[in-house]
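We did not get these values from a lab; they are worked out from the coordinates using the rules stated. Everything numeric in this text was worked out from a predicted model, so none of it was measured. Ideal geometry is used to build each Cβ from the backbone, glycine not excepted, and the neighbour counts take in all protein chains shown.
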Amino acid sequence: MITGFLHLYIQCLRSLYPTRPIYISSVSHLYIQHVGSLYPVNEVTMKNKLRNLFLLFGILAIAVMLCTMDMDYSDIWENLKRVGFWFPVIMLLWFFVYLINTCSWYLIIRDDRKYRVPFWTVCKLSITGFAINYATPGGLMGGEPYRIMELTPYVGVSKATSSVILYVMMHIFSHFWFWFLSIFLYIALYPVNAFMAVLLSVVAAFCLLAIYFFSRGYKNGMTLKTFLFLQKVPFVKKWARRFITTQKGTLEQIDSQIALLHSQHKVTFYSSLLLELFARVFSSLEIYIILNVFTPDVSWWDCVLILSFSSLFSNLIFFFPMQLGAREGGLALAVDGLHMSAALGVYVGLITRLRELLWIAIGMVLIKVGNKK
């Protein structure tokens, strides 16, 4: 079995940057041509340099986020004091959310019972991967390569690559199910006027379309079809056509790896999906805790809806690091839509932002802890 996604990624780079060839050897050396020179680098040394690069990027991202927060630091401190004891509880709650995410990914890694990976190692990679993604504009631009790099010594490049791809797909797939099921929760709890009926119908259509394409992708694979679609997109269609011509076999093998989990390991597939859905619902306790500090007139189901619709809004504005501004706006709109003060949404956004900053910092520290050579 070829190394799948990593080979595909390298071929993409070669196609986009033909004057800067990149070579990968998973056995002993990584060769990178940079500024006209070719440097053979010991694999362990390269891993340490990459870890330091991830760590440096995370520190810079945290510094930028702290410097660009809209609220005065005295106001932040006052709100933190108001939350008081509950802020450490929120931090602990998210440790359990990450544990659930880890269980979901761990099931995919161990689906064939062939590989033994320490659970807490997977947990560390899960936390750090999310931390890198949260701090990255666009998301999914650093956490996944990091996870592949660190998981490879345990299971090999091919298994590490396929498990990370499958988990990312599962994580996104569960988002659409969460948004779709929340529509029925809203209908059960609140009256639906004409405007909300139209809005919920649009959201339902969007989610069902995404669920349909993901289901087809799990059954038949989606990478080759994605590139076939890119052949019709202006500016990239010529590149996509050339890429399919040279890499069709690679794309088909990646599709077969994707389809394998759904076709032959259904228990693992649905267990992983349910765990991801449960993580969404469980994480809404954070909003419930924060809102109850400011107002007693809120239920847990209200908080599930707030999380669902605010995450839908913020994910539409996915290119900001930590979704700066988009999350607060989404929370304010979601809270206001449930006939609460929009200011409560701003408070929730502030506390969740601080919690996220601390977990990003924890994730960055974990980059240097417990690494396998």
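So which trypsin sites (Lys or Arg not before Pro) in the stretch 205-302 are both in a DSSP loop and have at most 15 other Cβ atoms within 10 Å of their Cβ?
Hits after loop and neighbour filter: Lys232.
What is the fewest-to-most order of Met169, Met364, Met196 by other Cβ atoms lying within 10 Å of their Cβ?
Ordered from fewest to most neighbouring Cβ atoms within 10 Å, Met169, Met364, Met196 come out as Met196, Met169, Met364.
Distance check, please: which entries in Lys219/Lys248; Lys159/Lys232; Lys114/Lys248 exceed 26 angstrom between their Cα atoms?
Check vs 26 Å cut-off fails for Lys159/Lys232; Lys114/Lys248.
Contour minus end-to-end for Asn292 and Arg241, with contour as 0.36 nm per residue of separation and end-to-end as the Cα-Cα distance?
Gain on stretching Asn292 to Arg241: 12.8 nm.
Test of understanding: extend the Cα→C-beta vector of Gln264 to 7 Å, then name every residue of the stretch 77-113 with backbone N under 17 Å from that spot.
108-113
Which order results if Arg82, Arg116 are arranged by neighbouring Cβ count within 10 Å, fewest first?
Arg116, Arg82
Could you check the simple spin-label distance between Phe195 and Trp300, using points 7 Å along Cα→Cβ, in nm with one decimal?
So the two model labels end up 3.1 nm from each other.
Relative contact order for the stretch 226-303: what is it in percent, counting Cα pairs under 8 Å that are at least 6 residues apart?
14 percent
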